[in-house]
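The values are calculated or read from the model by the stated rules, or taken from the named source; none is laboratory data. Remember, predicted model here, so these are calculated numbers, not experimental data. When we count neighbours, we look across all protein chains shown, and the Cβ atoms used for this are built from the backbone with ideal geometry, even at glycine.
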Amino acid sequence: MPAQTHRIEEADVLVIGGGTAGFGAAIAAARQGLDVTLLEATSKIGGVMAFCPGMPWGGGYPVDQIIGGLLEELTSRLETMTPPAAEKRPCTLENFGPEIIYDHDIATLTMFEMLEEAGVAVRLNASAIAPKMAGSVIEEVSCFDRNGPFVVRPRIVIDCSGDGDISAKAGVPFHLGDASGNMMAVTISFHMIGVDWDAAFADPDPYFTRYAAKGVAEGRLHPDLSQLYLMRAFYEGSVFCNSVHLRGVDGTDPVAVGKATQEGRRRCHQLAQFLQAEVPGFEKAHMSMLSPTVGVRETRKLQGVIRVTGADLAQGTKFPDGIVACDNPIDDVMRGDESMTHDAAIESGSFYTLPFRALLPEKITNLMFAGRIISADATAFASVRGMPQCMTMGQATGTAAALALKDGCAVQDVDTQRLVRSMTQQGVNRLGVPS
Ligand SMILES: Cc1cc2nc3c(=O)[nH]c(=O)nc-3n(C[C@H](O)[C@H](O)[C@H](O)COP(=O)(O)OP(=O)(O)OC[C@H]3O[C@@H](n4cnc5c(N)ncnc54)[C@H](O)[C@@H]3O)c2cc1C
């Protein structure tokens, strides 16, 4: 057999990870005329959105105005379909603004179509493995698909992988979770189909606390299920369950993720049986759309040129290089031994922005990162991590890639005023510092 030769591919921009951040980054860069390759390790676009099918886009309306940009374009494409495939609705939880709920399959199909229309080379089932450095530049990234290893030689890399493996291997400093290394719980979701909504939601308690307490006391539900967060899903009669949390799982450890997924599925099955037996409206319902893997909220926090902090949230900081607005509460989920919080991050009627510099490493001149690996402290992270924000962070890095390549400069030297202007021209709202 002849020795296997490495396949070598060139790209202006390599986007690693096809979650909401990668979607935003790849489309924005491709629409600026760049040759973009998007690598996604799994068989689907969406990342956490695909791992927890049907999870609403939260935090898309800071102070009740849509973030705009790609989020608005995608939402409006879905809303104007016949029949509509998305709608805006109030969130049932305290301190959260409106959310967007959608048909999961149509939404992921539409996202893929938008990537195709933009001319992005989407490579599913393909993983980035390691960067090769030439000083402070990533020269190439070794990758793997079912045909074996291949190499991509990009001019710019945008790490949207959620976990930041490539950034970490390239030498970007990071820490896991909060100051003690505690990461938020991972969660596995499912739907109940065939629910009588009127009976099920007769009690306004969004956590079904009374029933949960009975299930835990009788040993039929895991003690971490003392709050059952059940919500009306997109279609009448279906209910989305986002309650099965598993603590202390390191999302960068594939063995731990696999074990948590199996344990989570067991707990979902127990919960589905309990709902059928105990909760009015669920008598004829059945479980469906069980997550293919747990959704991981938090792993690495990369160190950027600037770190967004809890103080920025409290003060409602509007950064001069702000690229997306946010007013999400501090949505902390079972970090270590702690419980869940949804404390308001900011006083009502205000918002803060996320700075582009939190998406830039200090030293590597052709690397950006976007999404849940943004440089943020644990408090800020618990607020910034919504899918609309991740998508728009991605959009900013894709746009910045074009500016850096046009000006022949390091990503750290991108003219941020031009970037903010371009984002505003792309329909992103509430940017700029009020005078
Ligand atoms: C259980 C749960 C509930 C949540 N609830 C909500 C909610 O209700 N509303 C809301 O707006 N947000 C919610 N969030 C937060 C939000 O979903 C995430 O913060 C957001 O989706 C992260 O997007 P991302 O693109 O940064 O990363 P991810 O979605 O994690 O995507 C990263 C992608 O990169 C791929 N990847 C990783 N490594 C590689 C590699 N080396 N090569 C190629 N591909 C790679 C992964 O397969 C994945 O598809 C929730 C999160 C979780 C986990």
Review point. PRO56: more than 27 Å from ILE129 (Cα to Cα), at pLDDT 95 or above and within 9 Å of the ligand (Cβ to nearest atom), yes or no?
Key: yes
Exercise for review: Give the residue that is farthest from the ligand (Cβ to nearest atom), with candidates limited to residues of the stretch 59-70 that are outside any loop (DSSP other than H, G, I, E, B) and in contact with a helix residue (DSSP H, G or I) (Cβ under 6 Å, 6 or more places away or on another chain).
Suggested key: GLY69
Revision key, fill the gap. Of (1) within 12 Å of the ligand (Cβ to nearest atom); (2) part of a helix (DSSP H, G or I); (3) β-branched (Val, Ile, Thr), VAL122 satisfies every one except (2)
Practice item. Go through the stretch 370-395 and give me each residue that's over 16 Å from the mean Cα position of the chain (by Cα) and of a type in the set (Val, Ile, Thr). Key: THR379
Exercise for review: Could you name every one of the strands (runs of 3 or more DSSP E) located completely within the stretch 184-292 that has at least 3 residues being in contact with a Gly (Cβ under 9 Å, 6 or more places away or on another chain) and not basic (Lys, Arg)?
Suggested key: 186-193, 238-246
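Tell me, yes or no, whether the stretch 140-152 has at least one residue that is assigned to a loop (DSSP other than H, G, I, E, B) and β-branched (Val, Ile, Thr). Let's see the steps before the verdict.
Going residue by residue through the stretch 140-152, those that are assigned to a loop (DSSP other than H, G, I, E, B) are 146-147.
Those left that are additionally β-branched (Val, Ile, Thr): none.
Checked against the condition, which is being assigned to a loop (DSSP other than H, G, I, E, B) and β-branched (Val, Ile, Thr), the stretch 140-152 yields no hits at all.
Of the residues THR82, THR108, which is of a type in the set (Ser, Thr, Tyr), in the same structural domain as GLY371 (by TED's automatic domain parsing) and either free of Cβ contacts under 8 Å to residues at least 24 places away in the same chain or surrounded by fewer than 17 Cβ atoms within 10 Å (Cβ to Cβ) (or both)? Give the derivation first.
Values: THR108 fails: either free of Cβ contacts under 8 Å to residues at least 24 places away in the same chain or surrounded by fewer than 17 Cβ atoms within 10 Å (Cβ to Cβ) (or both).
Within the list THR82, THR108, the selection yields THR82.
Residue by residue, here is whether (1) within 16 Å of the chain's Cα centre (by Cα); (2) on the phi > 0 side of the Ramachandran plot; (3) in a helix (DSSP H, G or I) holds:
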site	(1), (2), (3)
GLU9	no, no, no
ASP12	no, no, no
ALA25	yes, no, yes
LYS44	yes, no, no
MET55	yes, no, no
GLU72	no, no, yes
ARG77	no, no, yes
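Can you tell me which residue among LEU367, LEU359, LEU405 is within 15 Å of the chain's Cα centre (by Cα), among the aliphatic types (A, V, I, L, M) and within 15 Å of VAL157 (Cβ to Cβ)? Show your work before the answer.
Values: LEU367 fails: within 15 Å of the chain's Cα centre (by Cα); LEU405 fails: within 15 Å of the chain's Cα centre (by Cα).
Step by step, each of LEU367, LEU359, LEU405 is checked, and only LEU359 is within 15 Å of the chain's Cα centre (by Cα), among the aliphatic types (A, V, I, L, M) and within 15 Å of VAL157 (Cβ to Cβ).
Take the conditions surrounded by fewer than 24 Cβ atoms within 10 Å (Cβ to Cβ), in contact (Cβ under 8 Å) with a residue 24 or more places away in the chain, among the aliphatic types (A, V, I, L, M) and within 16 Å of the ligand (Cβ to nearest atom) and apply them to VAL333. Does it pass? Steps first, answer last, please.
On the way: surrounded by fewer than 24 Cβ atoms within 10 Å (Cβ to Cβ): yes; in contact (Cβ under 8 Å) with a residue 24 or more places away in the chain: yes; among the aliphatic types (A, V, I, L, M): yes; within 16 Å of the ligand (Cβ to nearest atom): yes.
So VAL333 fits the description; yes.
Hey, could you check the stretch 359-379 for residues that are within 17 Å of ASP312 (Cα to Cα), part of a loop (DSSP other than H, G, I, E, B) and not small (Gly, Ala, Ser) and say which is nearest to the ligand (Cβ to nearest atom)? Even if it seems obvious, please write down each step before you answer.
Step one: list which residues in the stretch 359-379 are within 17 Å of ASP312 (Cα to Cα), which gives 359, 374-379.
From what is left, the residues that are part of a loop (DSSP other than H, G, I, E, B) are 374-375, 377.
Remaining after also requiring not small (Gly, Ala, Ser): 374, 377.
Working: ILE374: 8, ASP377: 16 Å.
It comes out as ILE374.
Could you tell me which of the residues VAL279, VAL257, VAL239 is within 13 Å of the ligand (Cβ to nearest atom) and hydrophobic (A, V, I, L, M, F, W, C)? Don't jump to the end; show me each part of the working.
Values: VAL279 fails: within 13 Å of the ligand (Cβ to nearest atom); VAL239 fails: within 13 Å of the ligand (Cβ to nearest atom).
That would be VAL257, the only listed residue that is within 13 Å of the ligand (Cβ to nearest atom) and hydrophobic (A, V, I, L, M, F, W, C).
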Check your understanding: All but one of (1) within 15 Å of the ligand (Cβ to nearest atom); (2) of a type in the set (Asp, Glu); (3) more than 22 Å from the chain's Cα centre (by Cα) hold for ASP163; which doesn't?
Key -> (3)
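With more than 28 Å from SER350 (Cβ to Cβ) and either modelled with pLDDT of 95 or more or in a loop (DSSP other than H, G, I, E, B) (or both) as the only criterion, which of THR82, THR92 stands out?
Among THR82, THR92, only THR82 is more than 28 Å from SER350 (Cβ to Cβ) and either modelled with pLDDT of 95 or more or in a loop (DSSP other than H, G, I, E, B) (or both).
Yes or no, residue by residue, for (1) surrounded by fewer than 22 Cβ atoms within 10 Å (Cβ to Cβ); (2) touching a Gly at 6+ places or on another chain (Cβ under 7 Å):
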site: ILE66; (1), (2): yes, yes
site: GLY69; (1), (2): no, yes
site: LEU74; (1), (2): no, no
site: HIS104; (1), (2): yes, yes
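Residues of the stretch 380-390 being among the hydrophobic types (A, V, I, L, M, F, W, C) and near the ligand (Cβ under 8 Å from one of its atoms), which ones? Full working, then the answer.
In the first step, residues of the stretch 380-390 are kept if they are among the hydrophobic types (A, V, I, L, M, F, W, C); the result is 380-382, 384, 387, 390.
Within the stretch 380-390, MET387, CYS390 meet the criteria.
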Point to revise | the stretch 169-215: number of residues that are closer than 30 Å to LEU14 by Cβ, surrounded by fewer than 21 Cβ atoms within 10 Å (Cβ to Cβ), at pLDDT 95 or above and more than 11 Å from the ligand (Cβ to nearest atom) | key: 3
Review point. Can you tell which of LEU38, LEU34 is within 13 Å of the ligand (Cβ to nearest atom) and either farther than 26 Å from CYS241 by Cα or among the basic types (Lys, Arg) (or both)?
Key: LEU38
Point to revise | Any hit, the stretch 296-316, residues being within 18 Å of MET184 (Cβ to Cβ), in a helix (DSSP H, G or I) and either in contact with a Cys (Cβ under 8 Å, 6 or more places away or on another chain) or in the same structural domain as ALA50 (by TED's automatic domain parsing) (or both) | key: yes
Exercise for review: Show the residue pairs that are 6+ apart or on different chains and have beta-carbon atoms under 7 Å apart, the first residue being within the stretch 159-185 and without any contact (Cβ under 8 Å) to a residue 40 or more places away in the chain, the second being within 14 Å of the ligand (Cβ to nearest atom).
Suggested key: LYS169/ALA130; LYS169/PRO131
